[in-house]
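A short write-up of the structure that comes next.
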Amino acid sequence: MYRSHNCGELRAAHINTEVTLAGWVQKSRDKGFIVWVDLRDRYGITQLVFDEERTSKALIEQAQDLGREFVIQVKGTVIERASKNPNMPTGDIELLVSELNILNEAKIPPFTIEDKTDGGEDIRMKYRYLDIRRNPVKNSLIFRHKVTQEVRNYLSNAGFIEVETPYLIKSTPEGARDFVVPSRMNEGQFYALPQSPQTFKQLLMVGGMDKYFQIVKCFRDEDLRADRQPEFTQIDCEMAFIDQEDILNAFEGLTRHLLKEVNGVDVEKFPRMLYDDAMRLYGNDKPDIRFGMEFGELNAVAQHKDFGVFNSAELVVGIAVPGGNSFTRKEIDKLISWVKRPQVGALGMVYARCNDDGSYKSSVDKFYDQEDLAKWAEATNAKPGDLICLLSGDKNKVRTQLSALRMELAEQLGLRKPDEFAPLWVMDFPLLEWDEETERYHAMHHPFTSPKPGQLELLKTDPGAVKANAYDLVLNGNEIGGGSIRIHDKETQSLMFDYLGFTPEEAKAQFGFLMDAFQYGAPPHGGLAFGLDRLVAILGGQETIRDFIAFPKNNSGRDVMIDAPAPIDDAQLTELSLKLNLKS
Ligand code: ASP
C-alpha cells in the first residue's frame, strides 16, 4: 500500500493516527534541527515535520537532501500544529515523520510549480506534465471532467445514446481544410479526419438511433486565430422526428443543467433573437447581452445636414457608453485611434458628450445643433452622463467595427463579468454566405441545412435572402453551439448541392452515400454541436481554452512537448507511396 490517505485529507480528527502519504515535495524549510516539507498530490498539501528530537538525526539528514519535486513516501503520526494555518484545508495538523522513502528523485523543474509561476507559456507547454501539477491547470482539467460528466448524465437521462463515429473518413463540409491521412494499403488514397461527425450523425438518424450524442474530437486545418485549436472537442448531438422547437428545448435544458450543476446558477428561459436583429442591434451574430449598449441607427437623424462623411455613408450607427462623459479628451482620442487601427478599420469616430444638465457637446458641433444631438441620444438610448460614439460607412463593415468598439468598451468598463451568464439563441441565419474570394455562395452553416419552409424558390432569385432553419447558442459573447434542421430528402439535397456549385458528379463522389441513404426512409431530423473546450472555459469564468485542454497545441499548431508535427523517414514515405515536394 503506497498511501493510506491523500495529501488533502487529514484533519484535526486524525490527530494521533498513523498514516502513510505519498506525493511530490513542493518546498521545504530547514532550521537545522527541524525540517518542514510541504508534500503535494492531486488532492492538496500536507505539511510534514522532521524533528531531530522527536525522531532521529539520520532521518532529518535524509529530509535535508530532498529536492523540489522529489517523489516520496512517508509514514508518521498526525499531530496538532503549533501554529495553525486557516488558509489550508489541512492547516490544523502536520505529519511527524518516522520513515521516509524516496520513490524517485527529480531534476530541478524549469519553472516553479506554484499557482503563480515564473514560467512563460512556451516553457510551460514544453513541460506540460509539470504545468499540470499546478493548481490552475489541474483544477481546470478537473472542472472539465465535471462538465463532461454532467453532459453525459443529462443526455443519457434524456434518452440520448452515445455512439462513436470513425476518425478515418473522407471530406466533411464544415468549411475548413481537412487534415488528411495517407492510406498505406490503398496507394495514392487518403482519409480525411472529420471536421465534425456531421454526415455520420445524420446516417445514424437514418439508422433509427433517434437521439444521438458523442463527446468527440474534430479536426480542422485552419489558420489558427488566437484561441483555436486544430483538434478540438464537440458535444455532438442529433435527433429524429423533431422540429426546431424540440431541439432548442432539449439543448437549452442541457445548458441550464450545466449552469445549475456546475456554476450553481439558475437561468430563466433563454431569450431568442433573430440573426437580423442581432446584426442590427449588436453588429454581431454572437452578441454579449450581459450589458446594454445596443446600437442605434441614425441615418434619419444624421444625414440631413451638410456633413459629407455621414451623408455618403450607407449606415450611421452609434452606441451610448454609460458614464462615458467622464472620459477625458485624451481618453476619447485613444478610443478614436483604437477604432482606426487596421484590425478594426474605421475611418474615424464622431462623438457627442451628454452633459448632466441635458445639453450636448459633440465633435461635429459645426454641423449639428442641440436638437439634432437630442435625437441622437434618443436613437442610442443615451442618458445624461453618457458618451455617444458614432461610426459610419458600409453597413456590414461599420456594424462589425462598432461591435468591436462595444466589446472593447465593455471590457474597459468591467461590464463583462465572468460570473454572470447570459445565454441566448440566435435564430434564422442566412442559408448562404457570399464569399468574396471565390465569388460564390457558400453554405453559411453546412450544405445539409434546410431552408425555411417556402423559401426554396427564393434560392433562384435572391439566394442571399434565403433564411435557414439554423440556430446558434450564444453565451457571454461566444458561440458555444450551433446546428440546424437538416434536409432529409434526396431532391432538396441535390438541389442544394447544385446551388452551391457542386456538379452532380462531384456531389455524388463526395456525398453519394448520404443521398443514397436518403432514399431509404430518412426521418426528419436535426441537431447541433457544442464546442466543449470553449463551453468549459466560459463556465469556468475564463475566455481562453488552453488551460482546459491537457495537451494543447500552440498558435502554429505545434505540440512543443512531443515536437509534432515532425518529418517522417524515407522508408515510411516509400511505404506510403509518397514523395515530398517541399516549397522550402
Ligand atoms: N456539424 C455542425 C458543426 O460542427 C453542427 C451541427 O450542425 O450539428 O458546426
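The values are calculated or read from the model by the stated rules, or taken from the named source; none is laboratory data. What you are looking at is a predicted structure, and each value in this text was computed from that prediction instead of being measured. Using ideal geometry, Cβ is built from the backbone for each residue, glycine included, and neighbour counts are taken over all protein chains shown.
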### Query
Could you count how many residues in region 124-138 are within 21 Å of the chain's Cα centre (by Cα) and in a helix (DSSP H, G or I)?
8
### Query
Can you name the condition, by its number, that Leu259 falls short on among (1) away from the ligand (no atom under 15 Å from the Cβ); (2) part of a loop (DSSP other than H, G, I, E, B)?
(2)
### Query
Looking at region 196-228, which of its residues are under 20 Å from Glu162 (Cβ atoms), within 11 Å of the ligand (Cβ to nearest atom) and either surrounded by fewer than 19 Cβ atoms within 10 Å (Cβ to Cβ) or among the basic types (Lys, Arg) (or both)?
Lys201
### Query
Within region 129-165, which residues are under 23 Å from Pro194 (Cβ atoms), among the basic types (Lys, Arg) and in contact with a helix residue (DSSP H, G or I) (Cβ under 9 Å, 6 or more places away or on another chain)?
Arg144
### Task
Only residues in region 231-245 that are at positive phi count as the first member; pair them with residues that are away from the ligand (no atom under 13 Å from the Cβ) and outside any strand (DSSP E or B), Cβ under 7 angstrom, at least 6 apart or cross-chain, and list the lot.
Phe241/Pro523; Phe241/Pro524
#### Entry: Every residue from region 487-525 that is at pLDDT 95 or above and in contact with a His (Cβ under 9 Å, 6 or more places away or on another chain)
His488, Phe518, Ala522, Pro523, Pro524, His525
### Task
Look at region 1-50 and say how many of its residues are more than 43 Å from the chain's Cα centre (by Cα) and surrounded by fewer than 19 Cβ atoms within 10 Å (Cβ to Cβ).
9
### Query
Of all residues in region 229-253 being in contact with an Asp or Glu (Cβ under 9 Å, 6 or more places away or on another chain) and away from the ligand (no atom under 13 Å from the Cβ), which is nearest to Ile480 (Cα to Cα)?
Gln229
### Task
For region 373-402, name all the residues that are small (Gly, Ala, Ser) and either crowded, with 24+ Cβ neighbours inside 10 Å or farther than 21 Å from Met279 by Cβ (or both).
Ala374, Ala377, Ala382, Gly385, Ser392
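Would it be correct to say that Asp266 is part of a helix (DSSP H, G or I) and without any contact (Cβ under 8 Å) to a residue 40 or more places away in the chain? Spell out how you get there, then give the answer.
Working: part of a helix (DSSP H, G or I): no; without any contact (Cβ under 8 Å) to a residue 40 or more places away in the chain: yes.
No: the conditions fail for Asp266.
State whether the residues of region 163-175 include one that is among the β-branched types (Val, Ile, Thr), assigned to a loop (DSSP other than H, G, I, E, B) and modelled with pLDDT of 95 or more. Spell out how you get there, then give the answer.
From region 163-175, those among the β-branched types (Val, Ile, Thr) are 163, 165, 169, 172; that's our starting set.
So of that shortlist, the ones also assigned to a loop (DSSP other than H, G, I, E, B) come out as 163, 165, 172.
Applying the additional criterion that residues be modelled with pLDDT of 95 or more yields 163, 165.
Yes, that holds for at least one residue.
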### Message
So Phe548 ticks every box in (1) at pLDDT below 95; (2) in contact with an Asp or Glu (Cβ under 7 Å, 6 or more places away or on another chain) but one. Which box is left unticked?
### Response
(1)
### Task
Just name the residue that is surrounded by the most Cβ atoms within 10 Å (Cβ to Cβ) out of those in region 523-545 that are away from the ligand (no atom under 16 Å from the Cβ) and of a type in the set (Gly, Ala, Ser).
Ala537
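Take the residues in region 436-451 that are away from the ligand (no atom under 16 Å from the Cβ) and either part of a strand (DSSP E or B) or in contact (Cβ under 8 Å) with a residue 24 or more places away in the chain (or both), then tell me which one is surrounded by the most Cβ atoms within 10 Å (Cβ to Cβ).
Of region 436-451, the ones away from the ligand (no atom under 16 Å from the Cβ) are 436-441.
Now restrict to residues that are either part of a strand (DSSP E or B) or in contact (Cβ under 8 Å) with a residue 24 or more places away in the chain (or both): 440-441.
Numbers: Arg440: 12, Tyr441: 19.
Of everything passing the filter in region 436-451, Tyr441 is surrounded by the most Cβ atoms within 10 Å (Cβ to Cβ).
Please list, ordered by residue number, the helices (runs of 4 or more DSSP H) wholly in region 309-426 having 1 or more residues that are basic (Lys, Arg) and touching a strand residue (DSSP E or B) at 6+ places or on another chain (Cβ under 9 Å). Give the derivation first.
Numbers: elements: 329-340, 370-380, 395-412.
Because the criterion is at least 1 residues that are basic (Lys, Arg) and touching a strand residue (DSSP E or B) at 6+ places or on another chain (Cβ under 9 Å), the helices (runs of 4 or more DSSP H) in region 309-426 that meet it are 395-412.
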## Note on the structure
Log entry, pairs with first residue in region 374-391 being closer than 18 Å to Arg329 by Cα, second being assigned to a helix (DSSP H, G or I) and hydroxyl-bearing (Ser, Thr, Tyr), beta carbons closer than 8 Å, six or more apart or on different chains, reads Gly385/Ser326; Ile388/Thr380
### Message
Pull out all pairs, ordered by first then second residue, where Cβ-Cβ is under 8 Å, the residues are six or more apart or on different chains, the first lies in region 476-492 and is without any contact (Cβ under 8 Å) to a residue 40 or more places away in the chain, and the second is within 9 Å of the ligand (Cβ to nearest atom).
### Response
Ile487/Phe448; Ile487/Thr449
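Which residues, taken from region 417-435, are closer than 27 Å to Arg290 by Cβ and within 16 Å of the ligand (Cβ to nearest atom)? Write out each step before concluding.
Of the residues in region 417-435, the ones closer than 27 Å to Arg290 by Cβ are 417-430.
Those that are closer than 27 Å to Arg290 by Cβ and within 16 Å of the ligand (Cβ to nearest atom): Trp425, Val426, Met427, Asp428, Phe429, Pro430.
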### Query
Give me the pairs: first residue in region 189-217 and assigned to a helix (DSSP H, G or I), second residue more than 13 Å from the ligand (Cβ to nearest atom) and small (Gly, Ala, Ser), beta-carbon distance under 8 Å, and six or more apart or on different chains, which are they?
Gln202/Ala517; Gln202/Ala522; Leu203/Ala517; Met205/Ala240; Met205/Ala522; Val206/Ala517; Val206/Gly521; Val206/Ala522
### Message
If I filter region 1-58 down to residues being touching a residue at least 60 places away in the same chain (Cβ under 8 Å) and among the hydroxyl-bearing types (Ser, Thr, Tyr), which single residue comes out as farthest from Leu100 (Cα to Cα)?
### Response
Thr17
### Task
Considering every residue within region 101-118, establish whether at least one is free of Cβ contacts under 8 Å to residues at least 24 places away in the same chain and among the polar types (S, T, N, Q).
yes
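Quick check on my filter: what residues within region 174-195 are within 11 Å of the ligand (Cβ to nearest atom) and among the hydrophobic types (A, V, I, L, M, F, W, C)? Please lay out each step first, then the result.
Applying the first criterion (within 11 Å of the ligand (Cβ to nearest atom)) to region 174-195 yields 174-176, 194-195.
Result: Ala176, single match.
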### Message
Out of Glu80, Glu94, Glu61, Glu69, I need the residue that is of a type outside the set (Phe, Trp, Tyr), over 30 Å from Ile142 (Cα atoms) and in contact (Cβ under 8 Å) with a residue 12 or more places away in the chain. Which one?
### Response
Glu80
### Task
Tell me which of these His445 doesn't satisfy, since it passes every other one: (1) more than 30 Å from Leu514 (Cβ to Cβ); (2) in contact with a Ser or Thr (Cβ under 6 Å, 6 or more places away or on another chain).
(1)
